[in-house]
Amino acid sequence: VLAVPVLFKQALENKEVEEGKSVSLRCELTKADATVVWKKGEATLQASAKYEMKQKGTVAELVIHNSEPEDA
(Lines give C-alpha, C1' and ligand atoms only; values in the text may rest on other atoms or scores of the structure.)
Protein backbone atom coordinates (compact mmCIF):
# COMPACT_ATOMS: atom_id res chain seq x y z
CA VAL A 1 0.00 0.00 0.00
CA LEU A 2 1.46 3.34 -1.04
CA ALA A 3 1.15 6.24 1.37
CA VAL A 4 -0.08 9.45 -0.21
CA PRO A 5 2.17 12.36 0.78
CA VAL A 6 0.69 15.38 2.53
CA LEU A 7 1.00 18.49 0.38
CA PHE A 8 0.08 22.14 0.81
CA LYS A 9 -3.22 23.11 -0.84
CA GLN A 10 -2.65 26.68 0.33
CA ALA A 11 0.81 27.75 1.49
CA LEU A 12 1.65 30.36 4.11
CA GLU A 13 1.45 33.98 3.02
CA ASN A 14 3.56 36.86 4.34
CA LYS A 15 1.72 39.04 6.84
CA GLU A 16 2.49 42.45 8.27
CA VAL A 17 1.37 43.35 11.76
CA GLU A 18 1.88 46.21 14.17
CA GLU A 19 4.43 45.45 16.89
CA GLY A 20 2.75 44.15 20.06
CA LYS A 21 -0.31 42.83 18.21
CA SER A 22 -1.24 39.23 17.39
CA VAL A 23 -0.89 37.73 13.93
CA SER A 24 -2.33 34.51 12.52
CA LEU A 25 -0.51 32.39 9.93
CA ARG A 26 -2.56 29.67 8.22
CA CYS A 27 -1.94 26.93 5.71
CA GLU A 28 -4.17 24.27 4.22
CA LEU A 29 -3.06 20.68 3.69
CA THR A 30 -4.31 17.95 1.38
CA LYS A 31 -4.88 15.54 4.28
CA ALA A 32 -6.95 16.20 7.41
CA ASP A 33 -5.29 16.00 10.81
CA ALA A 34 -1.77 15.57 9.41
CA THR A 35 0.99 16.27 11.93
CA VAL A 36 2.19 19.86 11.60
CA VAL A 37 5.44 21.18 13.08
CA TRP A 38 5.95 24.95 13.13
CA LYS A 39 9.54 26.17 12.85
CA LYS A 40 11.41 29.46 12.83
CA GLY A 41 14.59 28.72 10.93
CA GLU A 42 15.88 25.48 12.43
CA ALA A 43 14.11 25.97 15.79
CA THR A 44 10.84 24.11 16.41
CA LEU A 45 8.23 26.35 18.03
CA GLN A 46 6.44 25.06 21.13
CA ALA A 47 2.98 26.07 22.32
CA SER A 48 3.30 28.84 24.91
CA ALA A 49 1.82 32.18 25.92
CA LYS A 50 3.46 33.59 22.76
CA TYR A 51 2.77 30.79 20.25
CA GLU A 52 -0.67 29.25 19.89
CA MET A 53 -1.06 26.33 17.50
CA LYS A 54 -4.48 25.28 16.19
CA GLN A 55 -5.52 22.62 13.72
CA LYS A 56 -8.96 21.77 12.43
CA GLY A 57 -9.29 19.29 9.61
CA THR A 58 -6.95 20.35 6.82
CA VAL A 59 -6.27 23.86 8.17
CA ALA A 60 -3.28 24.48 10.46
CA GLU A 61 -2.85 27.86 12.15
CA LEU A 62 -0.10 29.52 14.17
CA VAL A 63 -1.02 32.59 16.21
CA ILE A 64 1.89 34.73 17.39
CA HIS A 65 0.90 36.92 20.33
CA ASN A 66 2.67 40.16 21.26
CA SER A 67 4.63 40.23 17.99
CA GLU A 68 8.16 41.63 17.88
CA PRO A 69 10.57 42.36 15.01
CA GLU A 70 12.43 39.14 15.94
CA ASP A 71 9.33 37.17 14.90
CA ALA A 72 9.93 37.99 11.22
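The values are calculated or read from the model by the stated rules, or taken from the named source; none is laboratory data. What you see is a predicted model, and the numbers here were worked out from it, not measured in a lab. Positions of Cβ are backbone-derived with ideal geometry, glycine not excepted, and every protein chain shown enters the neighbour counts. All accessible areas refer to the heavy atoms of the entire protein, side chains included, with ligands and DNA or RNA removed. Shrake-Rupley method; radii C 1.70, N 1.55, O 1.52, S 1.80 Å.
Sort out for me the Cα centre separation of the range 1-32 from the range 48-62, rounded to whole Å.
10
Within a Cβ distance under 12 Å of K54, other residues only, what is the Lys/Arg minus Asp/Glu net charge? Before the final figure, lay out each step's value.
On the way: positive: R26, K56; negative: E52, E61.
Counting the neighbours of K54, the net charge comes to 0.
Summing +1 for each Lys or Arg and -1 for each Asp or Glu, what net charge is found among the other residues whose Cβ lies under 11 Å from the Cβ of V17?
So the surrounding residues net to -3.
Does the range 1-71 come out rounded, prolate or oblate by the C-alpha gyration tensor, with a ≥ b ≥ c the root eigenvalues, rounded set by a/c under 1.5 and, if not, prolate when a/b is larger than b/c and oblate if not? Before the final figure, lay out the partial values.
Numbers: a/c = 2.34, a/b = 2.06, b/c = 1.13.
Because a/c hits 1.5 or more and a/b exceeds b/c, the range 1-71 counts as prolate.
Ordered by residue, what ³J(HN,Hα) values in Hz, to whole numbers, does the range 13-30 give under the Karplus form 6.51 cos²θ - 1.76 cosθ + 1.60, where θ = phi - 60° and Gly and Pro are x?
Each residue's phi maps through the Karplus curve to give 10, 5, 10, 10, 8, 5, 4, x, 8, 9, 9, 10, 10, 10, 9, 10, 10, 7 Hz.
For the range 1-71, what % of the accessible area comes from carbon and sulfur atoms, probe 1.4 Å? Show your work: numbers first, answer last.
On the way: 2870 of 5550 Å².
That fraction is 52 percent.
Per residue, what accessible area does the chain have, given a 1.4 Å probe and all protein chains present, in Å²?
On the way: 5660 Å² over 72 residues.
Here the residues of the chain average 79 Å² of exposed surface.
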